[in-house]
Amino acid sequence: MNATIAVLAGDGVGQEIVPVAVKILKAIGEIYHHSFEFVSADIGGQAIDKVGIPLPQETLSLAQQSDAVLLGAVGGPKWEGLEYARRPERALLGIREALGLYANLRPAKVYPSLADASTLKREVIEGIDILVVRELTGGIYFGKPKGIERLPDGSERGVNTEVYTTGEVRRIAKVAFEAARRRRKKVTSVDKANVLESSELWRKVVTEVHQEYPDVELSHLYVDNAAMQLVRNPKQFDVLLCNNMFGDILSDEAAMLTGSIGMLPSASLGARVGLFEPIHGSAPDIAGQNIANPIATIASAAMMLAYAFHLDQEAETIERAIVKTLERGYRTKDIAGPGTKIVGTREMGEAILHHLQ
Ligand code: NAD
């Protein structure tokens, strides 16, 4: 296949980890005879330094015209003094909005050789492979009315509105069922249908959409129970389907099961172009030292192959290479343990590249 990939490395460790992931994608292109074209552009603090704004029109147009976007991270102490609207992080909101990214996919997977990095017992988390599918553009973070108003007695009243339409629930439910089809075919939909009407609608629509996916198993769980089950017995989950707020919270909880932030990829999907990025930030404390863990970004590139291009076999090749590299004892500093080989960002990339073959 032919594809154009927008490469937005951004700030801090983004400049180190993104080139490593691009190298891996190039190698996959060669092995499987795909033609990937990589076009780089500035975003975040890097763009502010060059043109004064975090998301130049040129970058946005490139993202919109590409087949997928690979993003590193934005932000850093250098730009912290700027007013909020001019900060590097605004670029993230801008690009997500422009691409209409309504679905956020965050896998939480425990690699067997890293099971001891988690704060939970090995037997609880060994083998977990969960995908949190979070609705990203609706719900209580965007619903109206919202705001803080002053009451006649001088006190204040803060309001947010949890609101979902049939269409919004349908499209995110479809993402979850489609994702489950390429995994273990189980969706757990999370809601609070015992007290919230919006959740009642959520549950009804998810159940209706399920009719189109008879090969996928569906169950429903109240969010409080889901939070509990995630630490009690996380292995029961395959795909967790959540609204915006529940997904925000549960995806962080699921991420922490695995131990290290440098290992966690994400995908945000919209009508056409998807965006793939590690969940961590620009890590200014370790930037420029060749010690950042590139695995989250490499795994994000694997998600791009699977979710943007439907190249499941190619994505699995990357996943297997990561597993093999970890089994051979290669570790960046953040995941190092006794008896392992500490390597730098580029060396970790080279080791994974080697294990692709
Ligand atoms: P962070 O994720 O950058 O770092 C948190 C901690 O995790 C740090 O100790 C860092 O060294 C470590 N870490 C992160 N990625 C790592 C990796 N690949 N390998 C090894 N260790 C890693 O979060 P922060 O420090 O709160 O934020 C730093 C900057 O990044 C801020 O400007 C923030 O706004 C921005 N940020 C950007 C994004 C994004 O671009 N999507 C996300 C979060 C934060």
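Data table
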{"item": "Count of residues meeting criterion [at pLDDT 95 or above and either open to solvent by 20 Å² or more (accessible area, probe 1.4 Å) or not assigned by TED's automatic domain parsing to the domain that holds D312 (or both)] in segment 1-17", "result": "5"}
{"item": "Among the candidates G339, G349, residue that is more than 24 Å from V175 (Cα to Cα), assigned by TED's automatic domain parsing to the domain that holds G274 and not in a helix (DSSP H, G or I)", "result": "G339"}
{"item": "Residue within segment 297-308 that is within 12 Å of the ligand (Cβ to nearest atom), among the small types (G, A, S) and not assigned by TED's automatic domain parsing to the domain that holds V231 present", "result": "yes"}
{"item": "Of all residues making up segment 176-198, the number that are surrounded by 21 or more Cβ atoms within 10 Å (Cβ to Cβ) and either of a type in the set (A, V, I, L, M) or not assigned by TED's automatic domain parsing to the domain that holds F246 (or both)", "result": "5"}
{"item": "All strands (runs of 3 or more DSSP E) inside segment 1-119 with 2 or more residues being touching a residue at least 24 places away in the same chain (Cβ under 8 Å) and either under 30 Å from F237 (Cβ atoms) or within 14 Å of the ligand (Cβ to nearest atom) (or both)", "result": "2-10, 68-73, 103-109"}
{"item": "Residue in segment 241-248 that is modelled with pLDDT under 95 and within 16 Å of the chain's Cα centre (by Cα) present", "result": "yes"}
{"item": "So V20, is it buried (at least 18 other Cβ atoms within 10 Å of the Cβ), in contact with a helix residue (DSSP H, G or I) (Cβ under 6 Å, 6 or more places away or on another chain) and within 19 Å of Q289 (Cα to Cα)", "result": "yes"}
{"item": "Output for segment 161-175, where each listed residue is assigned to a helix (DSSP H, G or I) and either surrounded by 21 or more Cβ atoms within 10 Å (Cβ to Cβ) or touching a residue at least 24 places away in the same chain (Cβ under 8 Å) (or both)", "result": "T166, E168, V169, R170, R171, I172, A173, K174, V175"}
{"item": "Single residue of T340, T332, T325 found to be buried (at least 20 other Cβ atoms within 10 Å of the Cβ) and more than 14 Å from the ligand (Cβ to nearest atom)", "result": "T325"}
{"item": "Any hit, segment 76-98, residues being β-branched (V, I, T), assigned by TED's automatic domain parsing to the domain that holds G337 and open to solvent by less than 40 Å² (accessible area, probe 1.4 Å)", "result": "yes"}
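The values are calculated or read from the model by the stated rules, or taken from the named source; none is laboratory data. Just so it is clear, the structure is predicted and the values come from calculations on it, not from any experiment. Heads up, the Cβs are rebuilt from the backbone with ideal geometry, glycines too, and the neighbour counts pull from every protein chain shown. These accessible areas exclude ligands, DNA and RNA; they are computed on the full protein's heavy atoms, side chains included. Shrake-Rupley method; radii C 1.70, N 1.55, O 1.52, S 1.80 Å.
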